[in-house]
Amino acid sequence: MTAPAHSPAPPCSICGKPSDPRLRPFCSRRCADVDLNRWLGEVYVVPGDDPAAAASGPPDGDDEDF
């Protein structure tokens, strides 16, 4: 039998250079830090409900305790 073929590592998601397996999906610590900064700066967001709208109570106005 032959050894399974390894697919090439995907490119770095920030700069496009070959990714480093230790830092996957990035090629360097710098690119990992750039990505983290984008998350912290809210450049990237996960879609979802507006937290301000969710904090205002139920949409039907029924806010009685059970």
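The values are calculated or read from the model by the stated rules, or taken from the named source; none is laboratory data. All of these numbers come straight from a predicted model, not from anything done at the bench. Every residue, glycine among them, receives a Cβ derived from its backbone with ideal geometry; neighbour counts consider all protein chains shown.
Being of a type in the set (Gly, Ala, Ser) and in a loop (DSSP other than H, G, I, E, B) is the filter; apply it to the stretch 13-49 and report the residue that is modelled with the lowest pLDDT. So the residue we want is Gly48. With respect to (1) of a type in the set (A, V, I, L, M); (2) part of a loop (DSSP other than H, G, I, E, B); (3) within 23 Å of the chain's Cα centre (by Cα); (4) modelled with pLDDT under 85, the lone exception for Ala52 is condition (2). Does any residue of the stretch 1-12 turn out to be surrounded by 10 or more Cβ atoms within 10 Å (Cβ to Cβ), in a loop (DSSP other than H, G, I, E, B) and at pLDDT below 95? Yes, the stretch 1-12 contains at least one residue that is surrounded by 10 or more Cβ atoms within 10 Å (Cβ to Cβ), in a loop (DSSP other than H, G, I, E, B) and at pLDDT below 95.
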